[in-house]
């Protein structure tokens with residue numbers, strides 16, 4: 001009989017209380033301890049601090065007012081301006097000048113962040129709420145972004161670093177509310193790309209296994225942060241979040257790049273994202289950032305995506321950013337919504353998806 005394989009990944013965490021005298025309901029000072037949890041990322045060694053916060057205190061933003069104000073401005077992504085003023089791809093890249101998949105319309109980013117950059121407007125509709133997205137709308141945008149990246153890599157094989165990203169609503173840093181995703185590709189990795197690619201290679205060299213495979217197996221066994229599966233996409237929350245409100249991670253086993261996903265994979269990815277949108281909506285979290293991550297070899301690295309909720313109105317009537325000196329200047333994340341709590345809520349949302357398909 002084979003002995004069980006020891007868990008290769010160590011989830012390191014330590015709880016240290018911060019003691020103080022706090023006032024009770026009567027105004028008396030009472031000794032109290034606030035639990036602070038310190039965590040280390042099992043792949044990169046990056047640390048974060050988890051300081052639990054009641055989600056009931058999250059204030060729901062006034063989307064009606066935001067929509068009204070956004071319509072008072074000129075939107076370059078609304079027809080007919082979209083096709084009149086946006087740039088075109090060079091004939092060598094896309095002879096037609098644009099990419100069209102369903103209602104998605106793709107064009108070059110006029111203010112690119114890398115050698116190759118593109119924007120994909122997802123709909124004719126100027127304002128789309130989280131509960132108004134459809135699987136088809138999200139899938140088509142992802143398919144258009146993938147089409148762009150595949151073409152870029154075909155004509156310029158030296159491009160090894162690329163990703164698809166989505167800023168949704170102003171708290172995410174998105175300058176336009178009209179729904180759109182972006183693709184970026186070039187010759188140099190971002191800091192985070194380099195960290196996870198190098199760390200994944202080291203893990204493979206030291207242990208002889210793929211970190212992402214080991215991570216998925218251990219998370220499925222423990223159930224603490226594992227959410228579910230849709231087709232060949234696997235969903236969980238990150239042990240050490242990048243964002244203040246926990247992250248949702250999607251892993252694509254056996255594929256090193258987002259360009260290797262099938263149309264069904266993208267459909268399943270979109271279906272899972274709509275479940276995540278339902279979870280966000282129930283918590284009054286109506287904004288997010290999302291990015292995909294790709295490598296060059298599935299031997300040591302599996303393609304995946306990370307979505308982190310964003311908010312300005314957490315517990316204050318003024319528009320306070322969810323980023324402050326810890327993240328910006330100390331490069332240390334403060335998470336106020338524990339990943340295990342987020343996973344529990346997400347499991348309920350995944351139990352019945354937008355298309356009637358239950359996650360496994």
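Quick note: the coordinates plus some simple rules give every number you see, no bench work behind them. These numbers come from a predicted model, not from an experiment. Here Cβ is always computed from backbone atoms with ideal geometry, including for glycine, and neighbour counts include all displayed protein chains.
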query: Measuring from centroid to centroid over Cα atoms, what is the spacing of region 54-111 and region 152-204 in Å?
result: 19
query: How much length, in nm to one decimal, is gained on full extension between residue 29 and residue 206, taken as 0.36 nm per residue of separation minus their Cα-Cα distance?
result: 58.4 nm
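Hey, fewest Cβ within 10 Å first, where do 350, 38 land in order? Each step should come with its number before you reach the end.
Values: 350 24, 38 13.
With the fewest neighbours first, 350, 38 line up as 38, 350.
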field: Ranked list, fewest to most other Cβ atoms within 10 Å of each Cβ, for 13, 153
entry: 13, 153
message: Test of understanding: what is the full-extension gain from residue 192 to residue 72, defined as 0.36 nm times their sequence separation minus their Cα-Cα distance?
response: 39.5 nm
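With the Cα gyration tensor of region 209-280 in hand, give its eigenvalues times 5 under a square root as the equivalent ellipsoid semi-axes, listed largest first in whole angstrom.
Working through the eigenvalues yields semi-axes of 19, 17, 11 Å.
Take every Cα pair under 8 Å in region 47-350 that's 6+ residues apart, average their separations, divide by the length, and report that relative contact order as a whole percent. Don't skip to the end; give the middle numbers.
Values: 587 pairs, mean separation 71.6, N = 304.
Reported as a whole number, the value is 24 percent.
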message: Can you tell me how region 75-120 classifies by the Cα gyration tensor, rounded, prolate or oblate, using a/c under 1.5 as the rounded cut?
response: oblate
task: Kindly provide the helix-only [θ] at 222 nm of the chain, computed as the sum of -39,500 (n - 2.57) over DSSP H runs of four or more divided by all residues, to the nearest 500 deg cm²/dmol?
output: -9000 deg cm²/dmol
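Under the classification rounded if a/c is under 1.5, otherwise prolate if a/b is larger than b/c and oblate if not, where does region 98-255 fall, given a ≥ b ≥ c as square roots of the Cα gyration tensor eigenvalues? Intermediate values should be presented prior to the final figure.
Values: a/c = 1.91, a/b = 1.33, b/c = 1.43.
Since a/c reaches 1.5 but b/c is at least a/b, the shape of region 98-255 is classed as oblate.
Hey, what D do you get for region 47-350 in µm²/s if you plug the Kirkwood alpha-carbon radius into Stokes-Einstein at 37 °C and 0.692 mPa s? Could you put the intermediate results ahead of the total?
Values: Rh = 20.0 Å.
For these conditions, the coefficient is 164 µm²/s.
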message: Please arrange 134, 74, 154 by how many other C-beta atoms lie within 10 Å of their C-beta, fewest to most.
response: 74, 154, 134
